[in-house]
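See structure below.
The values are calculated or read from the model by the stated rules, or taken from the named source; none is laboratory data. As the structure is a computational prediction, the values presented were derived from the model and not from experiment. Here the Cβ positions follow ideal geometry from the backbone for every residue, glycine too, while neighbour counts run over all protein chains shown. Areas reflect the complete protein model, heavy atoms only, side chains present, ligands, DNA and RNA absent. Shrake-Rupley method; radii C 1.70, N 1.55, O 1.52, S 1.80 Å.
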Amino acid sequence: MHTPINKDWNTIRKIKGKGTTVKYKHGHFPLSWSQAIVIPIPKPGKDNTDPNNYRPIALTSCICKTMERMINKRLVWFLETNNILTNIQCGFRKNRSTIDQLVRFETFIPDAFVNKEHAVSLFFYLEKAYDTTWKNGLLKDLHNVGLKDHSPNFIKQFLGNRNFNI
């Protein structure tokens with residue numbers, strides 16, 4: 001697969017971390033990349049005695065962060081180029097935001113009124129969405145939409161065996 005960042009892969013594969021070469025082809029990266037130091041930052045105006053009122057900020061390897069951005073760039077390129085994401089999805093997409101959804105919603109209400117239809121909306125918040133994401137299902141979905149290069153295996157390695165210290 002040709003992507004705008006293929007030249008970066010050749011560079012990153014040569015980077016060595018504690019004697020272990022990054023092997024994107026085999027979905028392998030150094031164990032040190034799976035380690036993070038978590039700094040709890042208190043949420044403003046909240047009770048500091050409640051552990052739920054802290055935001056965890058994870059400090060990880062700079063090289064790992066660079067690789068994470070490269071994988072994300074490649075993944076977004078693949079999803080956008082192959083029109084896999086629905087056109088109305090705005091979250092986590094370049095040049096789109098919640099404002100787009102608000103404008104869409106603001107148009108939806110008067111249109112329903114003019115057409116003498118009911119307008120129903122549902123708003124929900126997913127607390128701890130990342131923690132509850134079914135990672136194996138996500139990887140299966142990536143495979144099903146045609147992402148069959150080395151990226152899913154690398155993502156699986158990236159998401160697994162995470163360690164942190166506070």
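Just a few scattered comments:
- Entry remark, region 27-47: residues being loosely packed, with under 12 Cβ neighbours inside 10 Å and either in a strand (DSSP E or B) or modelled with pLDDT under 90 (or both) number 2 in total.
- Applying the criterion of at least 3 residues that are touching a Pro at 6+ places or on another chain (Cβ under 8 Å) to the helices (runs of 4 or more DSSP H) found wholly in region 73-166 leaves 135-144.
- Taken as a whole, the condition of being in contact (Cβ under 8 Å) with a residue 12 or more places away in the chain, open to solvent by 100 Å² or more (accessible area, probe 1.4 Å), among the basic types (K, R) and closer than 20 Å to V76 by Cβ applies to K156.
- Residue match in region 107-114 (condition: touching a strand residue (DSSP E or B) at 6+ places or on another chain (Cβ under 7 Å) and loosely packed, with under 12 Cβ neighbours inside 10 Å): no
- Scanning region 48-72 for residues that are in contact (Cβ under 8 Å) with a residue 12 or more places away in the chain and either assigned to a loop (DSSP other than H, G, I, E, B) or in contact with an Asp or Glu (Cβ under 7 Å, 6 or more places away or on another chain) (or both) yields T60, S61, M70.
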